[in-house]
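J.: Okay, here's the structure, questions in a sec.
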Amino acid sequence: MLTGILCIALANFSGQAQTSKRLARIGYLSANVAPAAPSFEAFRQGLQELGWIEGQNMALEWRSTAGRDDLLPNLMTELLQRKVDVIVAGGPQATRAAKQATSTIPIIMVGGDPDPVAAGLIASLARPGGNLTGMATAPPELLRGKQLELLKEAVPGISRVAVLWNAGANAAELWRAMQRAAQSLAVQIHRLDVADVDGLEGAFKASQGMGAEALVIMESPLFTLHRARIADLALAHRLPSMALFKGLAEAGCLMTYGPSEAGLVRRAATYVDKILKGARPEDLPVELPTWFELVVNLKTAQALGLTIPPTLLFQADEVIR
């Protein structure tokens, strides 16, 4: 009887110990509006595939700027107060805010600066050093050059392209890279600076004055949040539009070309998994995206009166009909 009582007591103690075991706490700082955003869902699924189940062995702390970079310091303070074990930072601004806030908690950047070494964030791609690793963006000159090349293929003969611009980190270098890419393709680019949503109407009116024949939309939390409005304005002003992430093509822009958002955050989940299992961020190489997706919205093309060449459609990873 004493043996039985002892076994029951030990079983209860073991169950209490398992229940009280601390969950790994993952902070996610993003510009998306809600945790139901597709990229966040892809991140959660990536963690589940690696054995990290929300509420069982880990907890997710989601924080969103909703397009307002001025909120970053306070949101980072909240994550630090929650004693997170690792921080996932979506985009250059969030990456810099995380880096400024802590030098000890591991940070995984998703789509960080295209040259994090030059930006002073890491020592090298192979050996980052410090507490920051993850995925940078592709070299801007190559990426923007390909976007302009695809625009010219979709709309032969264009020579003037407007660039919808919301200045962020390394804005000056990014603009110089775009100018070099445009020059190599014999295209003139004109920048449309937009500070907030109220400036969108004026920017599109200005595009008419400069004789723009197409539009490149730079990635920005502001433009992501108002992508449907931007797509409507582009269509109203008869501007075939190119952006980076698939969500803008789904909202009505003509095309997107860039790394897969879902692919990036799934890759971020593998970094988180390694760190929670004991890896050090300074030993995990920073990666550049190696796979890019082209999405074409045929409904928008028809509304613009464009016939997309079959060769371009053949290249597309997805065609929205």
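The values are calculated or read from the model by the stated rules, or taken from the named source; none is laboratory data. Everything numeric in this text was worked out from a predicted model, so none of it was measured. Glycine also receives a Cβ, built like all others from the backbone with ideal geometry; neighbour counts cover every protein chain displayed.
J.: Identify, from the list Leu225, Leu233, Leu200, the residue that is hydrophobic (A, V, I, L, M, F, W, C), surrounded by fewer than 22 Cβ atoms within 10 Å (Cβ to Cβ), closer than 18 Å to Leu306 by Cα and assigned by TED's automatic domain parsing to the domain that holds Thr300. Show your work before the answer.
T.: On the way: Leu225 fails: closer than 18 Å to Leu306 by Cα; Leu200 fails: closer than 18 Å to Leu306 by Cα.
Of the residues listed, the single one that is hydrophobic (A, V, I, L, M, F, W, C), surrounded by fewer than 22 Cβ atoms within 10 Å (Cβ to Cβ), closer than 18 Å to Leu306 by Cα and assigned by TED's automatic domain parsing to the domain that holds Thr300 is Leu233.
This table checks each residue for (1) in the same structural domain as Thr300 (by TED's automatic domain parsing); (2) under 22 Å from Phe223 (Cα atoms); (3) surrounded by 16 or more Cβ atoms within 10 Å (Cβ to Cβ).
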| position | (1), (2), (3) |
| --- | --- |
| Leu72 | no, yes, yes |
| Asp85 | no, no, yes |
| Gln93 | no, yes, yes |
| Arg96 | no, yes, yes |
| Ser103 | no, no, no |
| Ile107 | no, no, yes |
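J.: Among the listed residues Leu185, Leu248, identify the single one that is touching a helix residue (DSSP H, G or I) at 6+ places or on another chain (Cβ under 6 Å) and buried (at least 23 other Cβ atoms within 10 Å of the Cβ).
T.: None of the other options fit; the residue is Leu248.
J.: Being surrounded by 19 or more Cβ atoms within 10 Å (Cβ to Cβ) and more than 21 Å from the chain's Cα centre (by Cα) is the filter here, so list the residues in the range 74-83 that pass it.
T.: Answer for the range 74-83, where residues must be surrounded by 19 or more Cβ atoms within 10 Å (Cβ to Cβ) and more than 21 Å from the chain's Cα centre (by Cα): there is none.
J.: If I filter the range 113-136 for residues that are of a type in the set (D, E, K, R), surrounded by 21 or more Cβ atoms within 10 Å (Cβ to Cβ) and modelled with pLDDT under 95, do I get at least one hit?
T.: Taking every residue of the range 113-136 in turn, at least one turns out to be of a type in the set (D, E, K, R), surrounded by 21 or more Cβ atoms within 10 Å (Cβ to Cβ) and modelled with pLDDT under 95.
J.: Sort through Ala301, Ala316 and tell me the only one that's among the small types (Gly, Ala, Ser), free of Cβ contacts under 8 Å to residues at least 40 places away in the same chain and buried (at least 17 other Cβ atoms within 10 Å of the Cβ).
T.: Every option except Ala316 fails the conditions.
J.: A further question follows. Looking only at the range 271-298, filter to residues that are surrounded by 14 or more Cβ atoms within 10 Å (Cβ to Cβ) and among the acidic types (Asp, Glu); which one of those is farthest from the chain's Cα centre (by Cα)?
T.: Checking each candidate, the answer is Glu282.
J.: Can you tell me which of (1) closer than 24 Å to Arg238 by Cβ; (2) without any contact (Cβ under 8 Å) to a residue 12 or more places away in the chain is the one Thr290 doesn't meet?
T.: Every condition holds for Thr290 apart from (1).
J.: Give the residues of the range 167-209 that are within 26 Å of Gly112 (Cβ to Cβ) and β-branched (Val, Ile, Thr), sorted by residue number.
T.: Ile189, Val194, Val197
Residues checked against (1) of a type in the set (D, E, K, R); (2) out of contact with any helix residue (DSSP H, G or I) (no Cβ under 8 Å at 6 or more places or on another chain):
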{"site": "Val194", "(1), (2)": "no, no"}
{"site": "Gln208", "(1), (2)": "no, yes"}
{"site": "Ala212", "(1), (2)": "no, yes"}
{"site": "Val216", "(1), (2)": "no, no"}
{"site": "Asp232", "(1), (2)": "yes, yes"}
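J.: I've got another one for you. Given (1) at pLDDT below 95; (2) more than 24 Å from Gly111 (Cβ to Cβ), identify the lone condition not met by Arg160.
T.: (1)
J.: Continuing with this model, one more query. Tell me which residues, restricted to the range 228-240, are closer than 16 Å to Asp193 by Cα and free of Cβ contacts under 8 Å to residues at least 60 places away in the same chain.
T.: The initial filter retains those residues of the range 228-240 that are closer than 16 Å to Asp193 by Cα, namely 230, 233-234.
Scanning the range 228-240 gives Leu233, Ala234.
J.: For the range 122-138, indicate whether the set of residues that are under 20 Å from the mean Cα position of the chain (by Cα), within 30 Å of Asp232 (Cα to Cα) and not polar (S, T, N, Q) is non-empty.
T.: yes
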